Amino acid sequence: PSPRSCQPNGDSEEALQCEIEELKQKDLALDQEIAQFLSEGYSLEELEKHISLLHEYNDIKDAGQMLLGKLAVIRGVTTKQLYPEYDLELSD
């Protein structure tokens with residue numbers, strides 16, 4: 001469930017209360033998602049390992065994208081034009 005958005009009228013205390021309420025709703029949604037995974041047989045350790053691996057994957061992918069970008073600049077082409085050369089799909 002997506003947290004409902006509140007519209008503070010500019011009052012900083014009201015804006016903070018709104019932000020606190022939104023964070024509480026996000027926390028509740030995450031707790032529900034964790035409970036769902038646990039009910040499906042996943043363990044917290046498994047979930048934490050999965051999240052850690054996703055972070056590592058994203059870091060590696062970001063480094064690869066940066067290198068492709070630099071290579072594209074050096075060659076004077078777009079990054080998209082380099083994908084076929086390295087057998088990459090645009091969805092990669």
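The values are calculated or read from the model by the stated rules, or taken from the named source; none is laboratory data. Just so we're clear, the structure is a prediction, and the values are computed from it rather than from any experiment. Here Cβ is always computed from backbone atoms with ideal geometry, including for glycine, and neighbour counts include all displayed protein chains. Only protein heavy atoms, including side chains, enter the accessible area calculation; ligands, DNA and RNA are left aside. Shrake-Rupley method; radii C 1.70, N 1.55, O 1.52, S 1.80 Å.
Normalised Debye scattering of the range 43-91 at q = 0.19, 0.32 Å⁻¹ gives log10 I(q)/I(0) of -0.66, -1.12, counting only Cα atoms as equal scatterers and leaving out solvent. Ligands, DNA and RNA left out, the 1.4 Å accessible surface of the range 25-92 is 59% carbon and sulfur atoms. Cα axis of helix 12-39 to longest principal axis of the chain: angle in degrees, 0 to 90, nearest 10? Between the helix axis and the principal axis of the chain, the angle is about 70 degrees.
Against the set [x] -0.56, -0.84, -1.22; [y] -0.83, -0.88, -1.18; [z] -0.56, -0.94, -1.60, the structure's computed log10 I(q)/I(0) by the Debye sum over Cα atoms at q = 0.15, 0.19, 0.25 Å⁻¹ falls on [y]. About the centre of its Cα atoms, the chain shows a dipole size close to 580 debye [charges on the beta carbon of Lys, Arg (+1) and Asp, Glu (-1) only; nearest 20 debye]. In terms of packing, defined here as the mean over residues of other Cβ atoms within 10 angstrom, the peptides 38-46, 17-25 line up highest first as 17-25, 38-46. Per residue, the chain exposes an accessible area of 84 Å² to a 1.4 Å probe, with every protein chain left in place.
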